[in-house]
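Here the structure comes first, spelled out in structure tokens, and everything after it is commentary.
The values are calculated or read from the model by the stated rules, or taken from the named source; none is laboratory data. The structure displayed is predicted, hence computed values, not measured ones. Cβ placement follows ideal geometry from the backbone for every residue including glycine, while neighbour counts extend to all protein chains displayed. Remember, those area values only see protein heavy atoms, side chains included, never the ligands or the DNA or RNA. Shrake-Rupley method; radii C 1.70, N 1.55, O 1.52, S 1.80 Å.
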Amino acid sequence: MKSIFKHALIVVLMLSGLSVFAQNRNLDNYRQPDKNGINVFEAPKDTLSTFENVKVRIGGASTLQYQALDHYNSGAVPLAGIGYNFNLATANLDLDVALAKGVRMHLRTYLSSRHHPEPYVKGGYFQIDNLDFINEGLLSDLMKYTTIKIGHMENNYGDAHFRRSDNAQTMYNPFVGNLIMDAFTTEVGAEVYYQRNGFIGMLGFANGKLNQSVEENASGMTGGASFLAKLGYDKQFNDDFRFRLTGSLYNTGYVPNLYLYKADRTGSRYYHVMQAESATSDNFRSGRFSPSFKNSITAIMFNPFVKYKGLEFFGTVESATGKSSGDTDTRNTMQYAGEVVYRFGEKENVYLGARYNTVDSEEVGGDVNIDRFQVGAGWFMTKNILLKAEYVNQTYDGDGFTGGLYDEGEFKGLMVEAAISF
């Protein structure tokens, strides 16, 4: 049945595409899923409305990689053999619906992913930019600058998640892999944005749960809560120069299980690296790292972004402090990342880039350090088709890895990725 359902969805997507491509597919306050969405962060805020009737935009993405990676360690824990070949193709289905003036719905379904070859829903939300659907002119002066999002959705912690690959949607990521500590989670909650004259403010609350359930745990609780905040400035000073700087906070009082750095169930792009020969299942988060604290966290991320003509810099400075219920002291993890991308050509359809990413973490068994270097290139054959390649080298060090799987660990090699998004 799962196979039949998946193929039925793909057929519906293809047939729907034949009719919708001939129509105006633009929506208000919407980030385009193609090349036009690059370097867009929060959805743009515009008071002008083009709404006439309910409008459904059906979109999707498909991505395929060729992997040529090798991995090594000290031999204390033998590694599984890996060779050079294609990975499982991934696919997304997106539904975006204009429901009323200033009211839009988004829903993303993963048709195929590394961890779930069967379709499942990532999440969705309502975005409200206007209250005329309640009463014409209601709080119009406030809503000129305000956006409300409500749903089981990707939470807006940091700016790095706007540049990450989300399963098959890889257009926004100039590289193949995401950050080592990949801050991404989907929780039920609400976020309120205020954007005015380049200044950005956001406050949000969520229930701190990845897997939604009303069941009580051993402590008689059904879950916890998380608080999100963001403050920043984003200004296009002239045709050539843009500057953006934001600071973000993700804080939990208590949650049964912390998923901030391991909520992405679609899986890492580096398949089967650093997996033990004795492993009985795929570690779909291979190549990533999540601090070992489990029940509480205070995470802070700063992200500068500068673009001058075709040259752009994006940085990440992140501190995560937390503990598990049995810990007496909190532990700290730091992540730093910097990437430089140069886009050239008449329409900036070609780019070269490099990224350095490092993580230092205080773990129960000792301190650990992970370093990654990526150098890549990409070519937008059209605004909907991207071909990119990268060379990656990632190393593991520290007392916390001694004698284990990651002792003197390293993986390196070439990744090639082809992506379609519309």
statement: Selection over the stretch 129-150 where residues are within 23 Å of the chain's Cα centre (by Cα) and buried (at least 21 other Cβ atoms within 10 Å of the Cβ) yields a count of 2
- request: Residues being assigned to a loop (DSSP other than H, G, I, E, B), of a type in the set (A, V, I, L, M, F, W, C) and more than 27 Å from ASP371 (Cβ to Cβ): count how many of those fall in the stretch 172-224.
  value: 4
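Can you tell me which residue among THR170, THR185 is β-branched (Val, Ile, Thr), in contact with a strand residue (DSSP E or B) (Cβ under 6 Å, 6 or more places away or on another chain) and under 23 Å from LEU93 (Cα atoms)?
The conditions single out THR170.
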field: Matching option when the condition is outside any loop (DSSP other than H, G, I, E, B) and open to solvent by less than 40 Å² (accessible area, probe 1.4 Å), among GLY404, GLY413
entry: GLY413
message: Can you report the number of residues in the stretch 173-202 which are more than 21 Å from PHE126 (Cβ to Cβ), touching a Gly at 6+ places or on another chain (Cβ under 6 Å), of a type in the set (Phe, Trp, Tyr) and open to solvent by 10 Å² or more (accessible area, probe 1.4 Å)?
response: 0
- request: Grab the strands (runs of 3 or more DSSP E) fully contained in the stretch 24-117, keeping just those with 2 or more residues being hydroxyl-bearing (Ser, Thr, Tyr) and either open to solvent by less than 50 Å² (accessible area, probe 1.4 Å) or closer than 30 Å to GLY137 by Cα (or both).
  value: 103-112
Cβ-Cβ under 6 Å pairs, at least 6 apart or on other chains, the stretch 112-126 side under 16 Å from SER268 (Cα atoms) and modelled with pLDDT of 90 or more, far side among the small types (Gly, Ala, Ser) and part of a strand (DSSP E or B): SER112/ALA91
message: Just checking, does the stretch 290-309 include any residue being in a strand (DSSP E or B), touching a helix residue (DSSP H, G or I) at 6+ places or on another chain (Cβ under 9 Å) and either modelled with pLDDT of 95 or more or surrounded by fewer than 17 Cβ atoms within 10 Å (Cβ to Cβ) (or both)?
response: yes
Any chance ASN357 is surrounded by fewer than 17 Cβ atoms within 10 Å (Cβ to Cβ) and in a strand (DSSP E or B): no
